[in-house]
Amino acid sequence: MPFTFWRKTITGFTLLAMLLGGCSGAGGSNEAAETPAAKGTHGMPQEASGEMTIAVSRDVGLDKLDAGAYEGSMDVHAMIYDGLVRYGEKGEIEPALAETWDISEDGKTYTFHLRKGVKFSDGSEFNAEAAKFSFERWVHDPSNSLAVATAMQTLEAIDDYTIRMTFDRAYYPLLTELTFARPVRMISPNSVEPAGDIKGTFVKPIGTGAWMAERYKADQEAVLVRNPNYWGEAPKLSKITLKVIPDPQSRVLALQSGEVDLAGGAMGRLPLESLAVLEGDESLNILRSPGTSSHFLIFNGKNPQLQNLDVRKAINLAIDKQSIARDLMGGIGSEAKGLFPATVPYVTESNSQGYGFDPEQAKTLLTQAGYADEDGDGIAEKDGKPLSFNLVLQQVDYPEWKTMSEMIQSELKSIGIGVNLQVLEPNAYYDALWTTKAYDIIIYRTYDDAYNPHSFLSSLFRKTASAPAAAWSDEQLEEMIAAVLASTNEAERQTTYDAIFKRMKEEAMFATLYYPEELFVYNKRVRQAKAGHTTFEAIRWNELEVGR
Amino acid sequence: MLRTDGIQPTREAIEALRESLGLNEPVALQYVHWLGKVLRFDLGLSLSTGRPVTEELLSRLPATLGMTLASVIFALLLALPIGIGSGWRPGGWIDRISRWVALSSVSMPAYWLGLLLLFYGAVRLKWFPVAGMNGFKSVVLPAVTLGFGMVGVYVRLIRTGMIEVLERPYIKAARARGLSTPSILLRHALHNALLPSITLLGVQIGSLLGGAVIVETLFAWPGIGKFAVEAIYAKDYIVIQGYVLLTAIIVVTVNLTVDLLYRRLDPRMKLR
């Protein structure tokens with residue numbers, strides 16, 4: 001009979017509906033689900049105080065998080081392992097596992113006095129032997145380009161709590177290198193098998209840091225708990241779960257649903273187009289952390305038109321840096337002035353001046369240089385040669401460069417400079433940047449954190465044995481960079497950096513664009529969310545607290 | 001792959017990697033070596049994780065197969081009643097609904113549907129988790145997202161099959177014997193109407209595995225699709241190669257199984 005069939009069909013549909021929706025134990029009314037009590041139904045222990053969940057975009061690799069290798073998440077590296085010294089505000093070197101240190105007169109011998117009574121998370125003792133072990137696992141690897149490795153001559157334990165390193169040259173950023181997340185941090189000899197063997201195989205991450213590994217499911221989550229043996233002030237939270245959510249939109253949704261408490265930064269970037277939604281969400285707060293990098297345009301010194309200083313100045317003046325930060329980047333970040341933002345060591349208000357935005361003056365400069373639009377096509381010419389450049393970019397690693405370049409293209413057009421955009425695949429882009437120099441103008445960024453300013457300057461503005469400087473070549477600048485790197489006197493370094501930044505601006509060696517910021521969004525139940533000083537410690541994990 | 005931070009690697013590092021990957025050998029020799037290793041299930045080491053690709057892929061395969069299976073079950077649960085209902089009374093109200101279901105099923109992109117389901121199911125109602133593999137509840141949204149795309153095709157296929165089969169004399173005979181409608185539909189007609197759907201399942205396994213790439217990324221499902229996306233971003237060619245090979249093997253195996261299964265399901269095939 002038809003209705004017997006209908007009864008069966010309807011039962012089938014009901015079962016289906018129950019399977020789809022009813023399988024949730026909390027599948028009640030909307031209002032019930034909105035109350036905090038119902039949050040516990042996600043299977044995440046949200047309610048136990050002192051625990052929080054963070055969204056990360058990729059697997060943190062806890063099983064291969066060797067202090068001496070470049071594997072896994074840098075952020076987690078820095079949570080589990082401590083270095084001898086720490087990167088403080090504006091790159092000031094702060095004591096960590098070394099309480100004090102002495103540097104010899106010639107800048108080639110470093111003696112570190114280690115903190116006493118420090119234990120690794122497994123209970124074993126941190127001493128000079130452990131420190132020596134940590135370094136010896138990687139310093140002899142020829143592929144390591146850190147000066148700590150390439151310039152090191154001897155490494156010895158003087159007594160239980162003193163180690164001494166000698167180097168073949170004076171290089172002031174050595175201490176800065178020792179603040180890196182890897183490979184310079186201290187690892188327990190029990191982390192490898194056989195224990196204490198510098199050639200041993202890494203088996204387990206054991207450090208002296210505030211956090212230690214508890215549980216790890218590859219591609220899914222990593223759970224860190226407070227290290228009971230931590231030598232510093234104990235973290236407020238007892239547990240941090242890092243949950244892998246690769247899709248940016250899903251991270252936004254996970255924040256909105258309360259499934260994760262914090263997301264953002266380099267570990268789980270949030271899409272800028274969702275900023276309005278996140279700002280409008282009453283359960284969420286936003287934290288901006290000023291970065292240490294900047295985006296800028298490199299000029300090719302081989303291009304005869306760009307060899308004219310007035311042309312380079314005109315390009316600088318024609319770009320509205322304020323509008324890039326405000327309109328293109330949604331106010332996340334700020335207008336660029338000098339090559340480095342003020343968070344970088346040796347950068348001061350007075351030595352880091354940019355060109356501002358003045359298209360009228362830019363036009364005057366071009367006229368002064370002998371350029372005029374004679375054929376009425378909107379592009380200025382000189383001796384019949386149009387003032388036109390190709391601008392090379394890539395948009396895989398930096399999608400924002402596309403819109404920035406388009407804006408620059410239209411701004412330069414308005415003062416009579418033609419720009420042809422050339423979007424390359426990342427590998428081709430890096431080949432153009434480093435090897436082939438197949439560009440007139442190329443957009444690039446400065447490195448992060450402790451690489452600034454010394455390491456970035458020397459890799460872009462100094463010639464190597466085989467090639468001229470990657471960016472603008474200037475002999476006077478190269479001499480000053482060489483001098484500052486070997487200088488052992490702080491005041492002298494500041495003076496030299498002032499001169500370096502001044503020379504760069506006077507010669508308009510590049511055009512600065514934008515200082516990015518890191519954006520974090522967190523649940524309102526999280527308190528004391530504060531920005532750190534480096535990208536790998538973008539949040540001060542130890543100070544975070546959670547409430548109801 | 002050495003340039004993870006956009007920082008230029010040293011010449012020595014590039015040379016060492018080239019040597020370890022055997023890129024200094026002639027292409028033909030490289031291929032022979034690769035083939036020899038593949039036959040021993042050695043797909044090489046992943047450039048980004050440093051572990052054997054075979055191991056990496058096989059450890060993630062169950063998650064993908066589980067989700068794919070759940071999505072097929074969902075698709076059939078939805079498609080069967082609608083397909084049978086619309087084939088039983090073509091032009092009736094179930095048939096009219098079925099047209100809309102089929103249309104939205106084939107035209108809705110999985111990424112968009114997934115986001116909608118996440119927004120309503122996880123953010124608003126908070127019934128399901130947004131991300132991760134964590135028990136039965138977490139499989140629902142990904143399976144629905146992946147399965148819904150198949151529903152339309154199945155509905156239409158089952159409908160056509162039903163209409164065709166219901167015309168057959170043996171159905172008339174069954175009616176004449178006074179059997180109830182459900183009995184005719186489910187016991188006599190459905191069996192034959194389902195045969196084309198089985199073939200389709202074999203063909204669709206490829207697109208299912210392809211769709212899993214998007215769905216796994218969206219729902220943070222730790223399967224081979226998400227792993228492949230990460231490998232593509234990291235330019236981990238060794239993993240991409242292994243992934244393509246593995247999915248090809250799965251598609252071929254499933255199709256072969258379906259062909260063999262056919263002989264058991266439809267005895268008429270044996271006679272030919």
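Listing for the model above:
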quantity	calculated
Backbone HN-Hα couplings from phi across the range B:72-81 [Karplus 6.51/-1.76/1.60, Hz, Gly and Pro as x]	5, 4, 4, 4, 5, 4, 7, 6, 4, x
Theoretical gain in end-to-end length, A:Thr488 to A:Lys302 [0.36 nm per residue, Cα-Cα removed]	63.4 nm
Protection proxy ranking, peptides B:66-74, A:474-482, A:344-352, average beta carbon neighbours within 10 Å, highest first	B:66-74, A:344-352, A:474-482
Semi-axis lengths, Å, the range A:419-460, gyration tensor of Cα atoms, sqrt of 5 times eigenvalues	23, 11, 10
Estimated distance in nm for a label pair at B:Leu39 and B:Leu65, the labels positioned 7 Å out from Cα along Cα-to-Cβ	2.6 nm
Listed residue (A:Ser121, A:Ala342, A:Ser405) projecting farthest to the positive dipole end of chain A, Cβ model	A:Ser121
Most to least packed among A:438-445, A:500-507, B:165-172 [average Cβ atoms within 10 Å]	A:438-445, A:500-507, B:165-172
Where the range B:44-186 is the region considered: accessible area per residue in Å², 1.4 Å probe	44 Å²
Rounded if a/c under 1.5, otherwise prolate or oblate - chain A, Cα gyration tensor axes	oblate
Chain B, dipole about Cα centre (Lys/Arg Cβ +1, Asp/Glu Cβ -1), debye to the nearest 20	1600 debye
The range A:454-548: radius of gyration over Cα atoms, expressed as a fraction of 2.2 N^0.38 Å	1.58
Value of [θ]222 nm, deg cm²/dmol, for chain B, DSSP H segments ≥ 4, -39500 (n - 2.57) each, nearest 500	-23500 deg cm²/dmol
Value of [θ]222 nm, deg cm²/dmol, for chain A, DSSP H segments ≥ 4, -39500 (n - 2.57) each, nearest 500	-7000 deg cm²/dmol
Sites B:Ser207 and A:Arg326 - FRET efficiency at Förster radius 56 Å, r taken between beta-carbons, to 0.05	0.80
Distance (nanometres) between label positions extended 7 Å along Cα→Cβ at A:Asp377 and A:Ala499	4.6 nm
Residues whose placed amide H lies under 5 Å from that of A:Asp440, excluding near-sequence neighbours	A:Asn390, A:Val392
Net dipole in debye of the protein assembly as shown [+1 Lys, Arg Cβ; -1 Asp, Glu Cβ; about Cα centre; nearest 20]	5180 debye
Mean separation of Cα contacts under 8 Å (6+ apart) over length of the range A:295-517, as relative contact order %	33 percent
Paired Rg and Dmax values of chain B, which use every Cα atom, in angstrom	23.8, 85
Of all accessible heavy-atom area on the protein assembly as shown, the percent that carbon and sulfur account for (1.4 Å)	57 percent
Residues in the range B:190-224 reached by a label modelled at B:Asn255 [backbone nitrogen below 15 Å; 7 Å Cα→Cβ]	B:199-210
At R0 = 35 Å, FRET efficiency that the Cβ-Cβ distance of A:Asp102 and A:Ser350 yields, to 0.05	0.60
Which listed pairs, of A:Lys132/A:Lys204; A:Lys204/A:Lys236; A:Lys119/A:Lys199; A:Lys243/A:Lys530; A:Lys90/A:Lys302, have C-alpha distances above 28 Å, in listed order	A:Lys90/A:Lys302
Exercise: per-residue mean of other protein chain Cβ atoms within 10 Å, B:216-228	4
Listed peptides B:75-81, B:199-205, B:147-153 by packing density, highest first (mean Cβ within 10 Å)	B:147-153, B:75-81, B:199-205
Averaged over B:179-188, number of beta-carbon atoms from partner chains that fall within 10 Å	3
Partner chain coverage, peptide B:47-58 - average Cβ within 10 angstrom	2
Between the range A:355-399 and the range B:69-131, the alpha-carbon center distance in angstrom	56 Å
Accessible area buried between chains B and A, both sides summed, probe 1.4 Å, in Å² to nearest 100	4400 Å²
Alpha-carbon Debye profile of the range B:98-218, log10 I(q)/I(0) at 0.12 Å⁻¹	-0.59
Rounded to 5, the percent of DSSP beta bridges in the range A:295-517 classed as antiparallel	65 percent
Inter-site label distance for A:Ala234 and B:Glu19 at 7 Å from Cα along Cβ, in nm	5.1 nm
On Cα atoms only, tilt of B:136-166 relative to the major axis of chain B in degrees	40 degrees
Top of B:Ser86, B:Ser98, B:Ser20 by mean-square fluctuation, Gaussian network on chain B, Cα under 10 Å	B:Ser20
Charged-residue dipole, Cβ positions (Lys, Arg, Asp, Glu), the range A:295-517 about Cα centre, Debye nearest 20	280 debye
Nonlocal amide H pairs with A:Ala151, under 5 Å, H built at 1.01 Å	none
Additional length obtainable on full extension of the chain from A:Lys463 to A:Thr403, 0.36 nm per residue less Cα span	18.4 nm
Overall Cα dimensions of the range A:295-517 - principal axes, largest extent first, Å	58, 37, 35
Positive-end extreme of charge dipole, chain A - chosen from A:Phe536, A:Val85, A:Trp434 (charges on Cβ)	A:Phe536
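The values are calculated or read from the model by the stated rules, or taken from the named source; none is laboratory data. This is a predicted model, so every value here is computed, not measured. No Cβ is skipped: glycine too gets one built from the backbone with ideal geometry, and neighbour counts run over all protein chains shown. When the accessible area is computed, the model is the full protein with side chains, heavy atoms only, and any ligands, DNA or RNA have been set aside. Shrake-Rupley method; radii C 1.70, N 1.55, O 1.52, S 1.80 Å.
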